[in-house]
Structures are given as structure tokens and as C-alpha cells.
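First up is the structure itself, then whatever we jot down about it.
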Amino acid sequence: MSRRRQNDDEDETQTKRRRGAPLISDVEKKLQEVIGKVGEKVCTNSRTLETKISKSQSTGSSITMNLEKLTEFLTDDLDKYRTSIIDIVAGCAIYLPNRVTVYTTLVGLLNAKNFNFGGEVVEKLIAEQQDLLTKQKYQEAQNVAIFLCDLGNSGVLTAQSIGEYLESFISAAFEENMPQVRNDYYIQTVLRCLPWIGKELTEKSPEQMENIVEAVGKYLELRNKNHVTLLQVWSSTDQEQEDYLESLSAQIEQLRALNWTENHIPRYYKDFEAILADALQHNLPSFASPDHTSDMIYPYPLVVFRLFQDSDCSSFSDKPLPGGHSIDRFLFEGEISWIIEKNQFNRKSCARELLAFAEENPSVPIGFLIFETIFGQMLRLPHAPYPAIFHCSLVLELLKLKPDDYPSILVQTVEVIYRRADSMQPICLDRMVDWFSFHLSNFQYRYTWPDWKDCLTKDAYSGSQIFLREVIEKCRRLGSYEKIIAALPSDFVKIHPCSPDVRYLIDEEDTALVQRAETFTQMFQERQPAEAFLNELKSAEGSEELPYNINEFGLFVMVMLKMASKTFSHNFSALFRYQATLKTVCDASEQYQEKLLETLFSCWKSNQQMLMILTDKLLKMQVIDCSAVVAWLFDEKMWAEHNRQWLFEVLNQALEKLTRQINVVEKDIKELTERVENKGTDDVKEEEMEAEEEKNEKLKQDVDDLENHKEKLERMVTFQKGLFNDFLIAFVEEIKIAGANTSEMDGSGDTAGRQSPKFQWLKGRFCHVLLAHAETLLKHSSSIAEEVFTEGADPSVTECFNQFQSLRF
Amino acid sequence: MVFDPRTLDQPKDISAYRDQRYQGSVRDQEVALRTSCTLYVGNLSYYTKEDQVYELFGRAGDVRRVIMGLDRFKKTPCGFCFVEYYTREDAELALQNISNTRMDDRVIRADWDAGFVEGRQYGRGKHGGQVRDEYRKDYDPERGGYNRAIAQKSKNYWENRRRRHASVLGQISIQSRQSHCFYYIFSKL
């Protein structure tokens with residue numbers, strides 16, 4: 001009965017809530033659609049707007065016409081639906097930066113008809129900007145700044161006040177004792193705004209313009225640029241990978257010298273100059289930077305990413321590629337990023353809009369710039385802005401829509417990546433492996449493989465060979481061993497993956513061992529319970545420390561893995577069935593965990609996917625803990641595997657999981673703290689039925705919980721810190737040995753020591769780990785600096801760490 | 001709250017397909033579909049293996065488990081599976097980015113599933129496999145050739161024909177029967 005009752009109650013609350021929820025009216029919905037889509041070339045709401053735009057008209061004029069009609073349409077409703085319209089326009093300003101000029105023109109036109117409207121939009125945007133900054137949505141807040149500046153072009157704001165607004169950003173950047181990344185953000189915002197408003201400012205408020213440019217120059221002089229090397233995708237290329245801010249500043253300077261003539265911002269307000277010139281203008285208030293607190297995470301610094309030179313695309317198109325240093329290249333890149341940002345949840349519309357953008361700019365080989373931007377995002381350090389799988393499927397989608405042109409651009413891209421693989425950072429190489437294997441699995445693993453024959457004779461630690469080998473490995477996992485072998489040329493035998501079968505190695509001559517294995521096999525077949533195995537494993541001369549026979553435990557695991565080897569499902573059900581056995585034994589001593597992992601490795605050495613997934617499962621089942629995994633991976637016995645990708649994937653996954661657990665506890669603490677603190681205000685809202693006592697009880701419970709959680713967090717953080725320190729010490733030691741090694745016996749080839757590919761690779765992997773866990777490691781960086789980088793550490797590794805530390809400054 | 005115009009292009013709603021054999025109320029099903037972390041994946045080759053599914057769908061996030069769809073009678077893969085994630089976000093990412101890409105050179109399709117229940121791993125068609133394999137008209141070597149109904153029909157057709165011929169041929173001399181057989185075989189090639 002109680003169950004039904006509950007259901008009924010639920011029903012009621014649901015319907016209540018539904019009734020109570022503010023329903024969006026049809027008008028509002030229509031407004032959203034009409035305003036949200038006005039910037040699109042073919043207006044889908046032509047019926048509402050009563051505009052049938054004939055296809056013969058050029059895009060520019062069709063948007064102009066859209067704007068005209070929309071203004072007319074909105075003017076009538078401006079008073080009735082004011083707040084809704086302002087909300088929608090503000091939303092478009094924040095989230096549709098690629099249409100900034102469309103919406104600034106619209107606001108300008110409406111402002112010309114209704115002076116207060118413009119002021120209210122500006123007010124709203126300023127409030128939103130503050131809100132976005134406190135929520136740490138830096139990209140969106142920057143979009144608002146650009147929008148506000150562009151309102152100066154559409155007659156809404158005075159140039160003078162915009163100049164002051166930008167100056168207030170500059171003074172925010174010069175505040176003392178602030179992290180450099182914060183200041184960088186403010187300077188970058190000013191620079192990003194200038195292409196839109198620079199001309200206007202130079203004409204109407206030249207003094208301020210001078211001040212801004214001078215201040216930016218001064219800022220850049222004083223700035224620390226330690227991070228640049230660490231964030232570069234390649235250690236050496238024919239194209240410079242400069243600091244983004246510095247490069248952008250140089251572009252802006254150049255643009256200013258050309259009196260701000262760029263040729264691609266579509267300035268729709270120019271079509272309405274007469275109307276807009278008569279409008280009354282508002283003053284933009286200065287910008288007040290929100291207070292800095294220590295837990296704020298600002299955007300990381302960037303480096304410029306360039307994949308193509310003009311020579312790369314000259315064979316495909318006669319249109320010239322804007323130079324690597326030209327402002328056009330920057331603006332196109334920015335615009336493409338905006339389109340991707342807007343469509344990050346829909347690869348299909350993303351590809352469509354990118355192609356539409358390419359068509360709008362027929363004089364430039366936009367295809368190359370689209371791929372350059374996508375790969376720049378994929379390879380951005382420390383983190384790519386979107387999940388890798390999105391970029392992967394976006395590339396597929398682009399090829400699908402443009403099967404004639406884009407495949408050849410992609411081939412060119414892959415060629416550049418392969419050509420530069422030897423100097424690519426391992427973290428980036430991994431991302432390329434993941435992408436390319438996914439890509440090939442959609443094209444039957446067909447590629448001009450023989451072109452890559454040259455890397456076979458290179459060092460086993462050279463980037464190009466590692467790239468090829470790992471791509472093949474991942475293709476094997478996505479398809480099958482037979483398929484990928486069939487797709488490869490015959491002389492690739494050297495780097496063929498091993499057949500991914502279980503390895504069951506038992507010394508046939510050791511009859512005692514064979515017999516024990518048979519006993520276990522039989523027990524498994526009889527489906528004996530977990531306890532039976534525990535008894536069987538109990539060692540006769542068992543000490544307190546090692547109550548179970550460690551070798552027999554290894555044998556037990558081996559037999560189990562062998563019997564469950566058919567699929568992952570078989571493995572999982574075996575692990576769950578014998579979880580009690582495994583956990584009891586492994587809890588007894590770390591040595592058993594070590595044995596378990598060693599046995600796992602010896603059985604599945606040739607199937608890295610199995611190693612990864614089973615380790616992960618064992619961690620989740622809490623049979624083994626993170627520190628055991630890390631110790632295992634960095635044990636000397638595993639050094640030979642350190643040029644493989646899987647090992648670092650397992651490592652980073654394990655560390656990542658720990659961080660995620662800590663984040664969950666942190667979030668709980670935050671919620672509990674809020675609950676405890678807001679108890680007073682909450683009471684009023686709560687139902688009167690609830691007894692005072694019960695409330696107190698609840699509060700007490702919360703306080704206790706909070707206490708427990710805090711303790712737990714402290715424990716976890718200490719554990720994490722210790723784990724990172726131990727592991728980094730081990731890794732630094734390994735790198736040091738690799739660097740000092742002058743013999744050729746270890747496969748490092750002719751070059752010894754620090755020049756050897758092995759040393760370089762390991763150093764790169766070290767950077768990989770730092771970057772992959774940047775947020776956590778930056779938090780603990782002082783303790784790491786003290787404990788890990790003692791005098792003995794290799795200076796070039798210490799250098800990496802110092803560069804890493806400057807990511808936060 | 002400002003309006004986010006990006007939502008105009010993204011119908012957040014789920015597809016119109018509903019499992020007709022769902023055990024529970026219509027509303028339960030709607031809620032389950034909107035909160036579940038499980039995807040149904042279809043149009044797989046019968047030869048696609050579980051580890052391939054793990055590898056591909058693992059690209060979108062941590063996979064809790066994969067359940068391969070099996071032929072009810074033969075207990076062999078019959079061209080679909082369920083992929084369960086730990087979080088809704090990961091499942092969403094997979095739905096957005098892996099659905100409609102290729103696995104084993106077939107365009108696979110994913111959709112929300114209300115959650116795996118024991119028994120659902122089996123094909124529901126009359127012949128043990130998936131129902132859709134009974135309506136399919138084309139020849140699909142990775143899904144057992146022609147659909148079972150056609151295969152059955154043509155088998156019956158040839159059998160009847162053989163029988164009919166046999167009775168007619170009974171009256172013809174052995175020699176000519178042999179030549180007739182040859183003719184009969186080659187004419188059908």
C-alpha cells in the first residue's frame with residue numbers, strides 16, 4: 001500500500017510542478033526563433049517574417065533585409081515583450097559571437113527607434129558579463145566585451161566610453177600580486193576587441209588608443225614566457241609556435257599600421273549608416289574586475305598553432321592562404337572556433353555551418369583553415385577544449401559533406417603530422433593515434449601505408465615509429481587482428497602487433513605445479529565458492545604477514561584468467577564471482593596485489609586492451625589500489641614497455657579516477673556546508689508539519705556528515721599527494737638513468753644520453769603526466785618541488801617542471 | 001536567465017522509438033529513457049565482437065558493461081548490443097558522436113534504451129534473431145545473407161522444384177536425366 005501511496009504523492013507533486021512552472025508563451029518562442037535565426041543565410045522563419053528572400057540575392061543583402069524586417073516586426077512589440085526581447089538578444093550576444101555584427105546592428109536599429117532599449121540591453125550585458133566572470137566562463141565573458149565594443153559601430157555607444165571601458169581592462173591587468181594568467185586574460189580581451197572597434201577609436205578617441213597600445217606593449221615586456229616550450233606541440237618545426245598573446249599583439253599592431261583595414265568582418269551596420277548616425281548614444285560604464293580568489297582557475301596560456309603554409313595548399317587551390325602571421329589568419333581561426341563552439345553538441349550542424357562559412361568566403365581556402373583549427377584544438381595543451389570523440393566525428397562529417405575536396409586536405413594534414421611526428425610531444429602523439437585509428441576504422445584501414453616505410457628503420461623510441469605502431473595497435477582493437485594485418489604491406493612485419501590471445505605459461509616439467517593448476521581448474525569447473533579457494537590458498541607455513549601462498553595465488557589468478565579468457569564478460573563474471581577471494585588475499589598484503597598485477601601482465605601481455613580494462617575493473621572493485629598500479633607500472637621490470645601508449649593510459653586513468661573521487665567528496669562538502677549554513681533561512685520554507693526536533697536532528701546529522709567528509713577528504717588528499725610524489729620520484733630516477741646511459745645496449749641507438757630518442761621520449765612522457773593532471777599537480781606544486789626535484793634530478797626535467805609551474809603564474 | 005540560442009538547433013528530445021514490450025507504465029518508460037545511461041546499438045555485423053564495442057564506445061567515456069544481443073535459439077551474436085555507461089553525459093556523447101559512424105565497415109545506429117533487463121539480450125524474431133532481419137530484403141553477408149523468411153522460401157522453392165523434376169525425370173532415361181541435370185544446374189548459375 002505504502003508504495004502506491006508514494007506513487008500518488010509523486011504524481012501530485014509532478015503535476016503541481018508542471019502547473020507551477022513558468023510556461024514559455026508561444027509569442028516568446030516565436031521571438032526566440034525569429035531573433036535567434038536572423039543571422040542565418042536562408043531565413044527559416046520567412047513565414048513569420050513574411051519575407052520570401054529570393055535565392056538570387058547575395059547573402060549580405062539578405063541578412064540586411066532580414067534585419068530590416070525584424071526591426072519593423074519587433075518595434076511594435078518592444079514595449080509589450082521588452083524583457084523577453086532583451087533576454088534573447090543578450091543570449092545571442094553571449095552565445096553567437098560569430099553573428100556579433102548582425103546583433104549589434106539589430107540593437108542599433110532598435111535603439112534608433114527607442115532610445116531606452118539600447119541602454120537596457122547594455123545594462124543587461126554588463127550584469128551578465130560580471131555573472132559569467134564569477135562563474136569562470138571566460139570565453140563567453142569575452143564575447144560580451146566584443147559585442148559591447150561593436151555597439152560603438154552601430155551608434156549605440158560612444159567611442160569615448162568604449163575607450164574607457166577597454167582602459168579599465170588594462171588597469172585590471174596591471175593590478176599587483178595577481179596571477180599572470182588572469183592578467184593575460186584581460187589583455188587578450190582588449191586585443192580581441194580591437195579589430196572591431198580599433199578604427200572607430202583611432203578616429204574619435206586617438207589618445208585613448210595610444211594609451212591602450214602603449215600599455216599592452218609594456219605589459220608584454222614584463223611578462224613571464226616560461227610556459228611556451230611546454231605548450232608547444234612540436235619541439236622543432238619549420239613554422240614558429242609563438243606565444244599566442246604576443247603574436248596577437250603583433251598582428252593588432254600591424255593592423256593599426258594599415259589603418260585597420262581587414263577584409264572579412266561583415267559590417268552590416270554600414271547598410272544602415274543614415275539611420276544609425278541619427279541615433280542618440282549611451283555611455284558604456286567602466287569595467288570592474290571581479291575580486292580574485294585563490295580557487296579561481298583562469299584560462300591557460302596558448303601558443304599559436306599552424307599546420308599549413310601556402311606551399312601546402314597551392315597544389316589544391318589557386319587561392320592564397322593568408323600568411324601565418326596575418327591578422328586574417330587569426331580572425332578566420334577565431335571565427336571557425338566560434339562556429340565549433342556553438343555547435344559542439346551537434347557534429348552535423350557543425351559541419352554544415354563550417355561549410356557555409358567556407359562558401360561565404362570564396363576567396364580564401366577556408367577548408368585548410370578549418371582543418372588547421374580543428375587539429376589545433378585537438379592538440380591544445382594541457383587540455384583539448386572538447387571531447388576527442390567530437391573532433392573525430394566532426395572530421396568524418398566534413399569529409400562526408402565535401403567528398404571531392406576535403407579528403408585531399410586531410411591527407412595533407414596526416415602527412416604533416418607524420419612528418420613532424422619525431423618532434424611531437426607524446427601527449428599529442430597519443431591524441432593523433434586515437435584520432436587516426438578511429439578515422440581509419442571508418443575507411444577499412446585503407447591508407448598509403450608504404451609511404452611510411454621509412455620509420456621502420458628508425459629508433460624504437462622515435463615518434464614516427466611509435467605513432468605507426470600505436471595506430472596499428474588501436475586499429476587492431478577497433479577491427480580485428482586479421483583485418484589490420486591484411487591491410488598492411490608485407491614488409492611491416494617488424495611492427496605487427498602480437499596476436500591478442502591469452503598466454504598461459506606453465507612449466508610442464510614441474511609436475512607439482514601442473515597438478516596444482518589442475519586442482520584449481522577442477523575447482524573452477526565445479527563452481528566452488530570463493531571461500532573454498534581461500535582455504536586452498538592458505539599456506540601451511542603462513543606467517544602473519546603472508547597468510548597465503550603467494551605463488552599459488554599467482555597460479556590461481558592465471559588459471560582463472562585462462563578459463564575466462566574468451567570475452568570481457570567472462571572475465572568480469574569471474575572477477576565478481578571470486579571477488580571475495582581476490583579481495584581478502586589482496587587486503588592481506590601489498591605483495592599479493594603486486595603478484596596479481598604481474599600475473600595479469602604475463603597472461604595478457606599481447607592484449608593491451610585487456611590489460612587496461614581488467615586493471616580498471618580491479619581498481620573499481622577495490623581489489624587493488626591506485627598506488628599498487630602505479631608501483632607496478634613504474635617498476636624496473638616494466639621499463640621495456642615505456643615506449644607503449646597503453647601503460648600511460650592505464651596510469652593516467654588510475655590517477656584521474658582518484659582525482660574524480662576527491663572532486664566528488666569536495667562537492668559533497670560544499671553542499672553540506674551550504675546546507676548547514678543556510679539552515680536558518682531554509683526553515684521558513686519547509687513545511688510546518690515537520691517537528692522542530694526533527695529539524696535539529698537533521699542539522700546534527702549534516703554537521704556530523706560534514707565533519708566525516710572533511711576528514712575523508714584530508715585522508716584522500718594526503719594519499720594523493722604521497723602517491724604523486726612517490727611516482728614522480730621513480731619516474732625522474734628512470735629518466736636520469738636513461739640520460740646518463742652511454743651504452744648502446746638499451747636500444748637507444750647511436751646517440752647516447754640526453755640526445756637519445758629514448759631520453760627525449762621519456763622526458764616528453766613526464767611532461768605528459770604533468771599536463772594531464774595539471775589542476776591537481778599545480779595545487780601540490782610546492783611540495784613536489786621540494787620532494788621530487790632535489791639536487792640529483794636531471795636538469796632538463798627540472799626545467800620542464802619549472803615551465804609547468806609557470807602555467808599558474 | 002538569458003536565452004541560449006544554441007538550443008534552437010539541438011532538439012534535446014529523444015527519438016520516437018518505443019520498446020513495445022517495456023514492462024511498466026508509459027510514464028515510467030519516458031522517465032527511464034530520459035535518465036538512463038544505456039544505449040541500444042543496432043546494425044552490427046554478426047561477426048563484431050564484444051571487445052570492439054568496448055574499444056569504440058570506450059572513446060566516449062567509461063563503459064560499465066556491454067551486453068551482446070544473441071540469437072534466442074543459437075546463442076550466437078545477432079547484430080545488436082547494449083552499451084551501459086556510468087554517466088548520462090558519457091552516453092550522450094556517444095550518442096552524438098559514435099552513432100552513425102562505422103564499425104566493421106557498417107554504419108551503426110545508437111538510441112536510448114530504458115535499461116537492460118535480463119532476457120532482453122535475445123532476438124525477438126520468429127527465427128531467434130532480430131525482427132528486422134525478417135523484413136530485410138537485401139542480401140547482407142555480415143548478417144547471415146538473405147533474411148530468414150526469404151531464405152526459407154527459396155529453400156522450399158528449390159526443394160519443391162527438385163521433387164517435381166524428380167517425378168518428371170523418373171520417366172526419362174538415365175542418360176538423358178544426367179544431361180538434363182547438368183543443364184539444370186548450369187542454367188541456374
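The values are calculated or read from the model by the stated rules, or taken from the named source; none is laboratory data. This is a predicted model, so every value here is computed, not measured. Neighbour counts are summed over all protein chains in view; Cβ atoms, including those assigned to glycine, are modelled from backbone coordinates with ideal geometry. Areas reflect the complete protein model, heavy atoms only, side chains present, ligands, DNA and RNA absent. Shrake-Rupley method; radii C 1.70, N 1.55, O 1.52, S 1.80 Å.
Inspection of the stretch A:405-428 finds no residue satisfying the criterion of being over 22 Å from A:Q309 (Cβ atoms), among the acidic types (D, E) and away from chain B (no Cβ under 11 Å). The residues in the stretch A:481-513 that are surrounded by 14 or more Cβ atoms within 10 Å (Cβ to Cβ) and of a type outside the set (G, A, S) can be counted, and the count is 15.
Answer yes or no as to whether B:D62 is within 30 Å of A:Y95 (Cβ to Cβ) and exposed (fewer than 13 other Cβ atoms within 10 Å of the Cβ). Judged against the criteria, B:D62 is not a match. Within the stretch A:268-285, the set of residues being surrounded by 15 or more Cβ atoms within 10 Å (Cβ to Cβ) and either modelled with pLDDT under 90 or in contact with a helix residue (DSSP H, G or I) (Cβ under 7 Å, 6 or more places away or on another chain) (or both) comprises A:Y268, A:Y269, A:D271, A:F272, A:I275, A:L276, A:A279, A:H282, A:L284. State yes or no: is A:G60 open to solvent by less than 40 Å² (accessible area, probe 1.4 Å), in a helix (DSSP H, G or I) and at pLDDT below 85? Yes: the conditions hold for A:G60. Give me the pairs: first residue in the stretch B:3-32 and over 21 Å from B:R124 (Cβ atoms) and within 12 Å of another protein chain (Cβ to nearest Cβ), second residue open to solvent by 60 Å² or more (accessible area, probe 1.4 Å) and at pLDDT 80 or above, beta-carbon distance under 7 Å, and six or more apart or on different chains, which are they? That search, which allows pairs on different chains as well, returns B:L8/A:E33; B:Q10/A:F345. Here A:D131 passes the criteria (1) within 14 Å of chain B (Cβ to nearest Cβ); (2) closer than 24 Å to A:Y219 by Cα; (3) surrounded by fewer than 19 Cβ atoms within 10 Å (Cβ to Cβ) except the one numbered (2). Would you be able to tell me the number of residues in the stretch A:254-299 that are in contact (Cβ under 8 Å) with a residue 60 or more places away in the chain and of a type in the set (G, A, S)? Count: 5. Within the stretch A:438-453, residues that are within 14 Å of chain B (Cβ to nearest Cβ) and touching a residue at least 24 places away in the same chain (Cβ under 8 Å) reach partners that are part of a loop (DSSP other than H, G, I, E, B) and open to solvent by 10 Å² or more (accessible area, probe 1.4 Å) with beta carbons closer than 9 Å, at six or more positions or on different chains, in the pairs A:L440/A:R446; A:L440/A:Y447; A:S441/B:D104; A:S441/B:D105; A:N442/B:D105; A:Q444/B:D105; A:Y445/A:L488. The conditions of being touching a Cys at 6+ places or on another chain (Cβ under 7 Å), of a type outside the set (F, W, Y) and either in contact (Cβ under 8 Å) with a residue 24 or more places away in the chain or closer than 30 Å to A:R431 by Cβ (or both) are met by A:V233.
Test A:V107 against the stated conditions and say whether it is under 21 Å from A:Q32 (Cβ atoms) and touching a Ser or Thr at 6+ places or on another chain (Cβ under 7 Å). It is true that A:V107 is under 21 Å from A:Q32 (Cβ atoms) and touching a Ser or Thr at 6+ places or on another chain (Cβ under 7 Å). For the stretch A:79-105, a tally of residues being surrounded by 24 or more Cβ atoms within 10 Å (Cβ to Cβ), among the aromatic types (F, W, Y) and in contact with a Pro (Cβ under 7 Å, 6 or more places away or on another chain) returns 0.
Filtering the stretch A:251-265 to residues that are open to solvent by less than 50 Å² (accessible area, probe 1.4 Å) and either more than 12 Å from A:G198 (Cα to Cα) or not charged (D, E, K, R) (or both) leaves A:Q251, A:I252, A:L255, A:W260, A:H264, A:I265. Restricting attention to the stretch A:415-466, the residues that are polar (S, T, N, Q), over 22 Å from A:L771 (Cβ atoms), out of contact with any strand residue (DSSP E or B) (no Cβ under 6 Å at 6 or more places or on another chain) and open to solvent by less than 20 Å² (accessible area, probe 1.4 Å) add up to 2. With respect to A:T511, is the statement that it is touching a residue at least 24 places away in the same chain (Cβ under 8 Å) and of a type in the set (S, T, Y) true? No. Somewhere in the stretch A:342-355, is a residue touching a Ser or Thr at 6+ places or on another chain (Cβ under 6 Å), buried (at least 20 other Cβ atoms within 10 Å of the Cβ) and closer than 15 Å to A:N442 by Cβ? There is at least one residue in the stretch A:342-355 that is touching a Ser or Thr at 6+ places or on another chain (Cβ under 6 Å), buried (at least 20 other Cβ atoms within 10 Å of the Cβ) and closer than 15 Å to A:N442 by Cβ. With respect to A:E203, determine if the residue is assigned to a helix (DSSP H, G or I), acidic (D, E) and either touching a residue at least 60 places away in the same chain (Cβ under 8 Å) or under 13 Å from A:G152 (Cα atoms) (or both). Yes. For the stretch A:576-632, filtering for residues that are open to solvent by 20 Å² or more (accessible area, probe 1.4 Å), more than 19 Å from A:L555 (Cα to Cα), more than 14 Å from chain B (Cβ to nearest Cβ) and not small (G, A, S) leaves 2.
Between A:K538, A:K562, the distinction of being surrounded by 15 or more Cβ atoms within 10 Å (Cβ to Cβ) and of a type in the set (K, R) belongs to A:K562 only.
If the condition is being in a helix (DSSP H, G or I) and within 14 Å of another protein chain (Cβ to nearest Cβ), then the stretch A:302-347 contributes A:W338, A:I339, A:I340, A:E341, A:K342, A:R347. In the stretch A:565-575, the qualifying residues are those that are within 13 Å of chain B (Cβ to nearest Cβ) and small (G, A, S), and the one that is nearest to A:M610 (Cα to Cα) is A:S565. The single residue among A:D668, A:D705, A:D682 that is in a helix (DSSP H, G or I) and modelled with pLDDT of 90 or more turns out to be A:D668. Kindly indicate whether A:E470 is over 29 Å from B:E50 (Cβ atoms) and assigned to a helix (DSSP H, G or I). Answer is no for this residue. Of the residues A:A388, A:A358, the single one that is within 14 Å of chain B (Cβ to nearest Cβ) and open to solvent by 10 Å² or more (accessible area, probe 1.4 Å) is A:A388.
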